[in-house]
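> So that we are looking at the same thing, I have put the structure below in structure tokens.
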Amino acid sequence: MSGHQERSNKEITPSQGKTKPSWLRHVFARDVHCEGDEDNFADSVVLALWRPVGLGLVVGVPLCFAFYKCVVGKRYPTAAHIPPEAFTRHQVIRGKAISVGDSDNFRLYHTPGFGWGSWRKIPTTRKELANQTIMIRLAGVDAPEGAHFGMPAQPFSSESKQFLTKMVLGHHVKVELLKRDHYGRAVAMVNVRKPPFFWSKNVSVEMVRSGFASIYDAQGAEYGDLLKTLEKAQEKAKHRRMGIWSSKTHVSPGEHKAK
């Protein structure tokens, strides 16, 4: 008998004729057996599916939870919903400035994660604004007071509000929470990026630098880590007699309210 015939007559065992399944196939798949009646076939299909489905649930649910906590996060509808520890650790939140109230405050629609607010209706009515937005008070600055409670408007109050409006209204901003004031507002440092270069600019610093606000020096004032930057910006604005410093009889907003 020739060597060729001897090799052909050798029995080929199943282990020799089949490729061993990989560990990935072993974890995710199970053979479906078509022999037998319909009940056996259905049982075989169920057994073939339980592994990938079960593994998907075991892995997918924790991943979704981690994504929500770390990437999306919790949304704060109003300043009252922000927990005290968020101010203590100076939590940074992001959102869209959708309304400017005065020269140093605006309403923020908090969007906690990437793309979170892209498919949601932005609040517009007074009730929606009150229930779904955070009132932000710019930290470290005091801007000219507008006319209210029978008090006349201070010089440059309109220009100051226009400056703030142009800077933040309709833009996405980054907000560093510092404290909650006695009006229930979130006192915060606010940064915004605008075209064409999209450099990050601190709103409080820009208002002081342009002469549309002064450094807030009342008790309990918050500056983050920008006090020296604010002081330098104010000195330059004073030296150049910009905005509120163009008048020789400048009255601070605090003094104005005390009259």
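The values are calculated or read from the model by the stated rules, or taken from the named source; none is laboratory data. Just so we're clear, the structure is a prediction, and the values are computed from it rather than from any experiment. Note that each Cβ is placed from the backbone with ideal geometry, even for glycine, and that neighbours are counted across all protein chains shown.
> With (1) at pLDDT 95 or above; (2) not in a strand (DSSP E or B) as the list, and residue 195 as the residue in question, which single condition is left unmet?
(1)
Matching residues to (1) of a type in the set (Lys, Arg); (2) in contact with a Leu (Cβ under 6 Å, 6 or more places away or on another chain):
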site: 204; (1), (2): no, yes
site: 214; (1), (2): no, no
site: 219; (1), (2): no, no
site: 225; (1), (2): no, no
site: 229; (1), (2): no, no
site: 241; (1), (2): yes, no
site: 246; (1), (2): no, no
site: 250; (1), (2): no, no
site: 256; (1), (2): no, no
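> Where the second residue is among the acidic types (Asp, Glu) and not in a helix (DSSP H, G or I) and the first is in the same structural domain as residue 164 (by TED's automatic domain parsing) and lies in region 185-212, which pairs have Cβ atoms under 7 Å and are six or more apart or on separate chains?
Between residues of region 185-212 that are in the same structural domain as residue 164 (by TED's automatic domain parsing) and residues that are among the acidic types (Asp, Glu) and not in a helix (DSSP H, G or I), the close pairs are 187/181; 187/222; 188/176; 189/176.
> Would it be correct to say that residue 165 is of a type in the set (Ser, Thr, Tyr), in contact with a Phe, Trp or Tyr (Cβ under 6 Å, 6 or more places away or on another chain), in the same structural domain as residue 230 (by TED's automatic domain parsing) and closer than 12 Å to residue 99 by Cβ? Can you show your working first?
Values: of a type in the set (Ser, Thr, Tyr): yes; in contact with a Phe, Trp or Tyr (Cβ under 6 Å, 6 or more places away or on another chain): no; in the same structural domain as residue 230 (by TED's automatic domain parsing): yes; closer than 12 Å to residue 99 by Cβ: yes.
Here the answer is no, as residue 165 does not meet what is asked.
> If residue 217 passes every condition in (1) surrounded by 14 or more Cβ atoms within 10 Å (Cβ to Cβ); (2) assigned to a loop (DSSP other than H, G, I, E, B) but one, which one does it miss?
(1)
> Could you check residue 222 against (1) of a type outside the set (Gly, Ala, Ser); (2) closer than 27 Å to residue 77 by Cβ; (3) free of Cβ contacts under 8 Å to residues at least 60 places away in the same chain and say which number it fails?
That leaves (3) as the condition not met.
> Follow-up. Does region 47-64 contain any residue that is touching a His at 6+ places or on another chain (Cβ under 8 Å) and either at pLDDT 65 or above or closer than 26 Å to residue 193 by Cβ (or both)?
Here is the first cut: in region 47-64, the residues touching a His at 6+ places or on another chain (Cβ under 8 Å) are none.
No, because not a single residue in region 47-64 is touching a His at 6+ places or on another chain (Cβ under 8 Å) and either at pLDDT 65 or above or closer than 26 Å to residue 193 by Cβ (or both).
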